[in-house]
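Undergrad: Before we start, here is the structure in question, set down as structure tokens.
The values are calculated or read from the model by the stated rules, or taken from the named source; none is laboratory data. All figures in this text were calculated on a predicted structure; none of them were measured in a lab. Keep in mind that these areas ignore ligands, DNA and RNA; they rest on the heavy atoms of the full protein, side chains included. Shrake-Rupley method; radii C 1.70, N 1.55, O 1.52, S 1.80 Å.
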Amino acid sequence: MTLYGNVTTVASLIGDATRTAILMALLGGQALPAGELAKLARVSPQTASNHLAKLVDGGLLTMEAWGRHRYYRLASPDVAKALESISSLSPPTPVRSLRQSTEANALCFARTCYDHIAGRFGVAFTDALRNKGYLA
């Protein structure tokens, strides 16, 4: 029963829409300040602070204080892998605005996912390296 308790704890952290938006914003591997994460998740700084504390307490994020600013990043590559796995099982989000369409097209073309290059560019780059004999 303990194993399921751990899974449900992590699943409940990831299952909240605001926390998911925060986690997905950090998939690139960079640390972002709390204010930027609040904007990206479209919530107030106070609401973001509450969610960030839960994600840190749950072991999904780490926090680094630089002066008066706090920066957050994914706690490990395993968190990124889990998010990518869940994303691959999830139905696509319907695009309802030009901004969402532009962002979706950019992500499909090229993106970084914590520790690797992805998207059409990543696939083409890998294929080119294989064709030149740099990768086996």
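Undergrad: Could you run the Karplus curve 6.51 cos²θ - 1.76 cosθ + 1.60 with θ = phi - 60° over region 55-71 and give me ³J(HN,Hα) per residue in whole Hz, x for Gly and Pro?
TA: 5, 5, 4, x, x, 8, 10, 10, 10, 10, 8, 10, x, 8, 9, 10, 10
Undergrad: How much length would be gained if the chain were fully extended between Ala53 and Ala136, taking 0.36 nm per residue of separation minus their Cα-Cα distance, in nm to one decimal?
TA: Details: separation 83, 0.36 × 83 = 29.88 nm, distance 4.35 nm.
That works out to 25.5 nm of additional length.
Undergrad: In Å², and per residue, what accessible area does the chain have when probed at 1.4 Å with the other protein chains present?
TA: Values: 9210 Å² over 136 residues.
Roughly 68 Å² per residue, with all protein chains present.
Undergrad: Can you tell me the 0 to 90 degree angle between the C-alpha axis of helix 98-109 and the longest principal axis of the chain, rounded to 10?
TA: Compared with the principal axis, the helix lies near 50 degrees.
Undergrad: Related question: Starting from 0.36 nm per residue, how many nanometres of slack lie between Ile117 and Asp16 once their C-alpha separation is accounted for?
TA: Working: separation 101, 0.36 × 101 = 36.36 nm, distance 2.70 nm.
Value of the extension gain: 33.7 nm.
Undergrad: Moving on. Return the calculated 222 nm mean residue ellipticity for the chain, to the nearest 500 deg cm²/dmol, obtained by summing -39500 (n - 2.57) across DSSP H runs with n ≥ 4 and dividing by the residue count. Please report the intermediate quantities before stating the final value.
TA: Numbers: 7 runs with 81 residues, N = 136.
Taking each H run of at least 4 residues, the total per residue is -18500 deg cm²/dmol.
Undergrad: If you take all C-alpha pairs in the chain, what percent of them are over 27 Å apart?
TA: Numbers: 2638 of 9180 pairs.
More than 27 Å apart: 29 percent of the Cα pairs in the chain.
Undergrad: Over region 1-90, what percent of the accessible surface lies on carbon and sulfur atoms, probe 1.4 Å?
TA: Numbers: 3060 of 5310 Å².
Its accessible area is 58 percent carbon and sulfur atoms.
Undergrad: For helix 77-89, what angle does its Cα long axis make with the longest principal axis of the chain, in degrees from 0 to 90 and rounded to 10?
TA: Relative to the chain, helix 77-89 is tipped by roughly 80 degrees.
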